[in-house]
Structures are given as structure tokens and as C-alpha cells.
Amino acid sequence: YMNPLQLFLVLNVFYFIFVHFVPISTLTNPLYVQKNLQVYSSRIQPIIAERMKSSGMDSVQFEKSYNETSAEQSKTLVIIMAPFLAILTAILYFYKRRYFVEHLVFGIHFYSFFLILVSVGVVTVGLTTEVILHQFSIPAKSVDWEAILEYVPGVAILVYFFISLRRVFGESWFWTVIKSAVLSFSVLYIIFLYRFILFYTTIWTMPTGKG
């Protein structure tokens, strides 16, 4: 009953309300995550140190200001991932001669699904696993929690792409599986790119002691 952009905006609001109650940093990316847990962390650490030095704030104040700004900016910046996915689908299906806006609509639909997956989906998987462990008296240490919380959403994304690509582009099962895998893998790199852009927009616009 909603057009793609309306659906995305509604789910965007839902996601950022949800993360106030559940500590998920997939899209908000606090300073600690950016500084220590990203593939580009070593590259941005000198920028953080220099910015902190010139800000007139101690490390606690600086991190608080950064995290608040990042959380606010991520609410609008998250949509930039859709055009990147649209570019990839346009390349994979160039011979279909679709308008770019059609690929963009496809990308917006996917990231609407993605917002649900990284919030309710991940928490549901975690809680379900915990219930199963308790029900069958399985020691928690015997389960690879990180693998569950990483691979289950990954499989869900792969299945989503397969169904949606078949429906939208109508290609054979074989090529749809291949392209679904390519797009699923590409989602990780798009998230890295999004986080990289979010870091720079945040670090140069955040309030500082001298600002």
C-alpha cells in the first residue's frame, strides 16, 4: 500500500526507534567501532587523534559528541546505499535495458527489507537460539553465536535476492543464483563504503569545544 520511498522512510524511522532499546550498531556506527573494528580503521585513527586534539574536548566528551552526531546523520545517510546497489544491478542486467530508476526502486525495496533484517530479524534469531539452548540444556559456549548472527542474515539476504531477481528480471535459475550471490557479497562492501562516508561526514560536522 506504500510506494518504495514511503516504505523505506517508515522502516527507517522504525529501525532508529528500535536501536534506542536494542544495542545494534550496524548503521549507527559509534566511534569505537569506526576506530577499531573496520578495515579502514588504521587509516582514520590519525584523523580522529588530530580532530580530538583541535576540538578542545577530552576523549569522553569527543566520543559522546561523535556518537550523537553519527546517530543523527545515519538516519538520512543510510539511503545512499540504495544507489550503489542500483548501479550493481544495472551492470548485471545491462542487457535488459531497464531505466536506472527501476534499479533504484529495486535497491530501495532491498534496503527496506535490510532494515527489518538487521533489527527485528537479528534479535529474533538470537532469542530463538537462546530458547532452543535452554530447552535442550545445551551449553551456550558450545554454540558459535557470532556465526549464527552473521550467517543467518546472510542466507536471508541471498534468498531475498534470488526471489526478487527472479520476479523482477525473470532470468534463469542458474544465473539468478550466481547474481544473487554476487549482490549478497556486495552488500558487505556497500556497508563498508556507507560507514566510511558516515565517518567523514560526522567527523567534520560534529560539535566541538571550539565549535
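The values are calculated or read from the model by the stated rules, or taken from the named source; none is laboratory data. Quick caveat: nothing in here was measured; it's all calculated off a predicted structure. Using ideal geometry, Cβ is built from the backbone for each residue, glycine included, and neighbour counts are taken over all protein chains shown. To get the accessible areas, we keep the full protein, side chains included, count just its heavy atoms, and leave off ligands, DNA and RNA. Shrake-Rupley method; radii C 1.70, N 1.55, O 1.52, S 1.80 Å.
At a Förster distance of 30 Å, what's the computed FRET efficiency of Gln61 paired with Gln6, Cβ-Cβ distance as r, to 0.05?
Efficiency, rounded to the nearest 0.05: 0.20.
In debye to the nearest 20, how big a dipole does the range 26-68 give about its Cα centre with +1 on each Lys and Arg Cβ and -1 on each Asp and Glu Cβ?
Values: 5 positive and 4 negative charges, 26 e Å.
So the dipole magnitude of the range 26-68 works out to roughly 120 debye.
Using a Förster distance of 30 Å, how high is the FRET efficiency between Thr208 and Lys75, based on the Cβ-Cβ distance and rounded to 0.05?
Numbers: r = 21 Å, r/R0 = 0.71.
Between Thr208 and Lys75 the formula returns 0.90.
May I ask which of Lys35/Lys64; Lys75/Lys96; Lys96/Lys179 have a Cα-Cα span longer than 25 Å here? Present the calculation step by step, with values, prior to reporting the outcome.
On the way: Lys35/Lys64 14 Å; Lys75/Lys96 33 Å; Lys96/Lys179 14 Å.
Distance filter (> 25 Å) returns Lys75/Lys96.
With a 1.4 Å probe and every protein chain kept in, tell me what percent of the accessible surface of the range 33-82 is carbon plus sulfur. If you can, show how the numbers build up before the last one.
On the way: 1490 of 2720 Å².
On the range 33-82, the fraction of accessible area on carbon and sulfur atoms equals 55 percent.
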